[in-house]
1. Before anything else, pin down the relative contact order of the stretch 1-112: Cα pairs under 8 Å, at least 6 apart, normalised by residue count, whole percent.
2. What pairs in Lys22/Lys138; Lys14/Lys138; Lys29/Lys76; Lys14/Lys78 have C-alpha atoms more than 30 Å from each other?
3. Which of rounded, prolate or oblate describes the stretch 18-145 when judged by the alpha-carbon gyration tensor and an a/c cut-off of 1.5?
4. Which of the aspartates and glutamates could a cross-linker span from Lys145 if the Cα-Cα distance has to be under 19 Å and same-chain partners fewer than 8 positions apart are dropped?
5. Please work out whether the stretch 90-145 counts as rounded, prolate or oblate from its C-alpha gyration tensor, where a ≥ b ≥ c are the square roots of the eigenvalues and a/c under 1.5 means rounded, while otherwise a/b larger than b/c means prolate and anything else oblate?
6. For the stretch 84-145 and the stretch 49-77, what is the separation of their Cα centres, given in Å?
7. With each pseudo-label sitting 7 Å past Cα toward Cβ, what's the His8-Asn144 distance in nm, one decimal?
8. May I ask you to list the residues of the stretch 1-16 whose amide nitrogen lies under 17 Å from a point 7 Å from Cα along the Cα→beta-carbon direction of Asp40?
Amino acid sequence: MIGLGSDHGGIELKNYIINWLKENGYEVKDYGSYDTNPVDYPDIAEKVCNGVVKGEVECGMLFCGTGIGMSIAANKIKGIRAACLSDTYSAMRTKQHNNTNVICLGGRVIGPELASEVVKSYLNAQFQGGRHENRVNKITALENK
Ligand code: RB5
């Protein structure tokens, strides 16, 4: 199960990606927002990230105008490693190296076809562990300081 959330700047791209995920056999949970009325992206980031931390969903995808506000908010939540993405290489590497559990995309930055390729690259990648596990553990240690 993948958890998704957006503000008004990301809702159109979120809806496209929800359809893309369903067509490709993924189950989704939409944490809102559900219309184009303005909402504050930290509120939505919190809902999706809590879903990830509690294990309601395996990973999260957040959408705002740039993806940046969502990623800043998501990375404040303990246990979340969020990346703001707009290319497929970074999407693959952030899963392989950072074990990212939330990705953030900008509905005003990338188009739907590139966004679905970014999502595909992320979902098809596996965390590589090893030396990267040690580094991710150091990120967790920073969280606990
Ligand atoms: C909303 O206008 C916009 O600030 C938001 O979607 C996002 O881009 C913030 O980072």
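1. On the way: 244 pairs, mean separation 35.6, N = 112.
Rounded, it is 32 percent for the stretch 1-112.
2. In this structure, Lys22/Lys138; Lys14/Lys138 lie more than 30 Å apart at Cα.
3. On the way: a/c = 1.65, a/b = 1.24, b/c = 1.33.
It comes out oblate by the Cα gyration axes.
4. Hits, sequence-local ones excluded: Glu133.
5. Cα axes put the stretch 90-145 in the oblate bin.
6. 12
7. 4.2
8. What the label zone holds, given the 17 Å backbone N cut-off, is 6-9.
Quick note: the coordinates plus some simple rules give every number you see, no bench work behind them. What you see is a predicted model; the values in this text were computed from it and never measured. With ideal geometry, Cβ positions are generated from the backbone for all residues, glycine too; neighbour counts draw on all protein chains shown.
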